[in-house]
Every structure is written in C-alpha cells, then in structure tokens.
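Here the structure comes first, spelled out in structure tokens, and everything after it is commentary.
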Amino acid sequence: MTLLWIAIAVLLLPALWLLVAPLRNARRLHDQQHAFETNDTSAEQNVAIFKRRLTSLEAARERGDIDAERFEEDRLELERSLLEDTAVRARRPLKPAGAGRLVVPVVMVAVVVVSVLWYQQKGAEGDLVLLAVQQEVQNDPEGSLSMYIERMEEQAERQPDNPNVWSALFPVYRETGQMPQAVDALERLMEIEGRIPPLLAQLAQIRFFMAERELTDEVQALVDETLEQDPRQPTVLGMLGIHAFDNGDYEQAIDRWRRAVANIEDPNTAASLRDGIRVAQERMGVAPEEAAVEAAQSSGVRVSVSLDEELADRVDGDDTVFITARDVEGELPPLAVVQAQVSELPMTVVLDNSVAMSPQAQISQVREARLVVRVSPSGQAMPQPGDLFGDLESVSVGSISDDEAAEVVINRVFE
C-alpha cells in the first residue's frame, strides 16, 4: 500500500505544479498590464480619426456632394461613434501581484483530497487490501486457514460492497464445511452481482447438499431459475446427475453428466464426471465401450434431406452436400456431420455420435440441435457465396426412430 500511495503522490505532482506555475509569472504579467494601461493612447487616436473624417465630410458639403440634411446626419453618426470609442470606462485598479496566493494552496489541498476520495470510492484499494491479507497469511509462519478466514471477515465488515470479499469467503466456507456461512456469503454476492446463472447454480448445489442430496422445493426453484437463463449450466446439470444416480436412474444421470462435461472448463471436475458416467454404466450392466456404441446408435437425429426443384438447375450431381448438426447456441464445434452428393438426394441420414467430429462435442450431449444442410459446388467446408442451404432451428435429440425424421429442404442461396 505504501508504494501505491507513493505512486499516487508522484502522479499528483504534475497537477500541483500546473497550479503553482502561474504564480511565478504573476509579477511580470502585473507589470506588463500596468504599463499597457499607463501608456494607452487609443482615445487620442480615436479623436484624431474623428477630426479627419469630419474634415472630409465638411469638404464634401462645400463641394455640393451632400446637402445640409445629409451632412448633419453623418456628423451626428461620427460624434456618436467617437463617444462610444472614447467613453471613459472606469478601470478597476490592478490588484497586487501576490493577490490570490492563498487560494492556490487551498486548491492544491482540494485536488489531493478529491483525488484520494475518488480513488477510495472508484479505485481498487479494497482489492489491494485483500491481496495484502492473502500475502500476509501466506508469509506468516503461523498462518492458517482460520487466520485467513478471520482476516477476510474483518475485510467483509470494512468493505461489505466489494464482491471480491464474498467471492473469496464463499469457497473457503464451503471447503471447511461452514455451509450456513457459505450460503450467506453467496447470497450477499448475489445482491451485488445479480442473480446470474453461475451464482444461482452454486447456491442450488449448496442447498442440495445441505438437504442431504434431495431436490427440495427451494432447490428446485433455484434449478428452474438457473436453467431458464442457461439451459447448459454445468454445475446444475452435474447436481441433477447426482440426484438421478442416487435414485437409480442411471440413464438420466449419464445424460446429465455428459451434457455437463460438454460445457465444463475445469479438467478435474470433468474427469470426476466421466468417472461417474463409467460407474453408472457399470450399474446398468453395460461396459463403457458397449455403452458408447449404444449411445451412438440410440441418441441422435434422423434427417430427411431434399432439394427444392426451383434450385435444381443451379447445382450438379457431383456437388458436395454437408449435413450438419450444431448446438442451438452455436458455441460448440459441429456435433455431427455427414457428407454426400447432390445425386443422392432426396436421402435420409442419421446424425449420431458415430459421425461426431470430436469426442468433446457430440450430439448426445445436447437436448436440441440445429440442422444445417449446405450444397457446396467447391467442396469446401466453409460456406461460400452462391452455396445453397436449408436449415431447421431446433430439433429434439433422442432415440432414433425409423418412422420419424426431421425434414430439411435446401431452398435458399447463401450470399
């Protein structure tokens, strides 16, 4: 913190110098202004100009260029102009060169005070204090988790509106088994950050375990609120998988955990969920390899593809057709891809895990998919202007039926 305040002081020095600098030139400016006012001859110059113009006006009257009435009008105008130019304006006496010097220190103090107060309100002083607390506990030979919690609780009282305080306290409370305190910290964090899906999911998970892994009305309400905002929230999906597993619904548990793995970033958590999937498969009496094959065969979408007759003359029989399933949000790589030719249309294909592009993005991990069918004369995977395409925004992913198929018609041109 000492270095921080030194840095702030260094930044304030130029501003304070700008306030002090004018005082150094005050005496010279005062003398220049006094000399200017003393030697001001503008009034005499204006009188001389008036006399010259009046002489010219009289000469024009004598020559007969203007009559007496016009002469009087012009003379009155000249006199009025002279009065305006030579009117005696009472000048305020010059103040001493040192006048106002006391104001500068006051302004300097005000600049410093306002800067410090602004930084305390808008700056990151509180976060730097939190960092200092963490370093202090880590460097203390007798530092412990309880000491860290005590210091952070002190900071929570000093800066209750700092979300980083509660973000630090919440996981520590949870890891030490202080669930009521964890709930309080999380709810306080939600008051500051808002009821966003990650926080709602954490609160639902804590209350789920506090209720001995039961979906109480309170937990279910939090789950519904979370999934309404983010249907792919991995923490909630993982929790729902645990609940399904506890109730013997291993198939649903596998489905929940697979969807969670597809959206989770922590590799350790993803590995734990995959272990849970293997255990659930064993409880079902299915070997992991067999389960993967079964999932690939039973979970997917049957698609019927056809070409609009009005566009038939724009393609050749050997043009490439890409039949793709994507997640509705468009955040994952393609979940399944089948490649064919225009000459094979109309055709029906199955998009399942067997035609996935990556093990990390499979169609069995989502409930709904967006189907996109594109005809590419160039054969390139990336869309090109002039390609033909058709799509369906939302198709349910589930058991593949021989009778039901999602129909996609290629009826548009990509521009």
Quick one: how many residues across region 385-415 are surrounded by 13 or more Cβ atoms within 10 Å (Cβ to Cβ) and farther than 15 Å from Leu332 by Cβ?
20
Any hit, region 217-224, residues being more than 20 Å from Gln365 (Cα to Cα) and crowded, with 17+ Cβ neighbours inside 10 Å:
yes
Return yes or no: is Gln365 open to solvent by 50 Å² or more (accessible area, probe 1.4 Å) and at pLDDT below 85?
no
Residues being open to solvent by 40 Å² or more (accessible area, probe 1.4 Å) and more than 16 Å from Ile192 (Cα to Cα) - total across region 150-168:
4
Residue that is open to solvent by less than 30 Å² (accessible area, probe 1.4 Å), of a type outside the set (S, T, N, Q) and over 24 Å from the mean Cα position of the chain (by Cα), where the choices are Phe245, Phe208:
Phe208
Can you give me the number of residues within region 324-338 that are part of a strand (DSSP E or B) and in contact with a helix residue (DSSP H, G or I) (Cβ under 9 Å, 6 or more places away or on another chain)?
5
Return the pair list, or none, for Cβ contacts closer than 6 Å from residues in region 176-203 that are of a type in the set (D, E, K, R) to residues that are surrounded by 18 or more Cβ atoms within 10 Å (Cβ to Cβ), at least 6 apart or on different chains.
Arg188/Trp166
Taking Pro171 and the conditions (1) over 19 Å from Tyr148 (Cα atoms); (2) at pLDDT below 90; (3) surrounded by fewer than 14 Cβ atoms within 10 Å (Cβ to Cβ), which numbered condition does it fall short on, given that it satisfies the others?
(1)
Among (1) open to solvent by 20 Å² or more (accessible area, probe 1.4 Å); (2) modelled with pLDDT of 85 or more, where does Ser298 come up short?
(2)
Can you name the condition, by its number, that Pro180 falls short on among (1) surrounded by 14 or more Cβ atoms within 10 Å (Cβ to Cβ); (2) in a helix (DSSP H, G or I)?
(1)
At least 1 residues that are modelled with pLDDT of 80 or more in each: list the helices (runs of 4 or more DSSP H) lying fully within region 1-82 that qualify.
42-63
For region 262-277: of the residues being surrounded by 15 or more Cβ atoms within 10 Å (Cβ to Cβ) and not polar (S, T, N, Q), which is farthest from Leu332 (Cα to Cα)?
Gly276
Pairs where the first residue, in region 246-269, is under 18 Å from Phe209 (Cβ atoms) and the second is part of a loop (DSSP other than H, G, I, E, B), C-beta under 9 Å, 6+ apart:
Asp246/Arg213; Asp246/Glu214; Ala253/Asn247; Ala260/Arg232; Ala260/Gln233
Give all pairs with beta carbons closer than 6 Å in which a residue from region 379-395 that is more than 14 Å from Val337 (Cα to Cα) and aromatic (Phe, Trp, Tyr) meets a residue that is surrounded by 11 or more Cβ atoms within 10 Å (Cβ to Cβ) and modelled with pLDDT of 85 or more; count only pairs at least 6 apart in sequence or on separate chains.
Phe389/Arg374; Phe389/Arg412; Phe389/Phe414
Over region 225-241, the set of residues open to solvent by 40 Å² or more (accessible area, probe 1.4 Å) and either of a type in the set (A, V, I, L, M) or under 18 Å from Asn263 (Cα atoms) (or both) is Leu227, Glu228, Gln229, Asp230, Pro231
Within region 167-188, is even one residue among the aromatic types (Phe, Trp, Tyr) and under 17 Å from Gln233 (Cα atoms)?
no
Can you say whether Val328 is more than 18 Å from Glu404 (Cβ to Cβ) and open to solvent by 30 Å² or more (accessible area, probe 1.4 Å), as far as the supplied structure shows?
yes
Looking for something closer than 25 Å to Glu282 by Cβ and acidic (Asp, Glu) - is there at least one such residue anywhere in region 203-220?
yes
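The values are calculated or read from the model by the stated rules, or taken from the named source; none is laboratory data. Treat the numbers as computed from the prediction; the structure is a model and nothing was measured. Note that each Cβ is placed from the backbone with ideal geometry, even for glycine, and that neighbours are counted across all protein chains shown. Ligands, DNA and RNA are stripped out before the accessible areas are found, and what is left, the full protein with its side chains, is counted by its heavy atoms. Shrake-Rupley method; radii C 1.70, N 1.55, O 1.52, S 1.80 Å.
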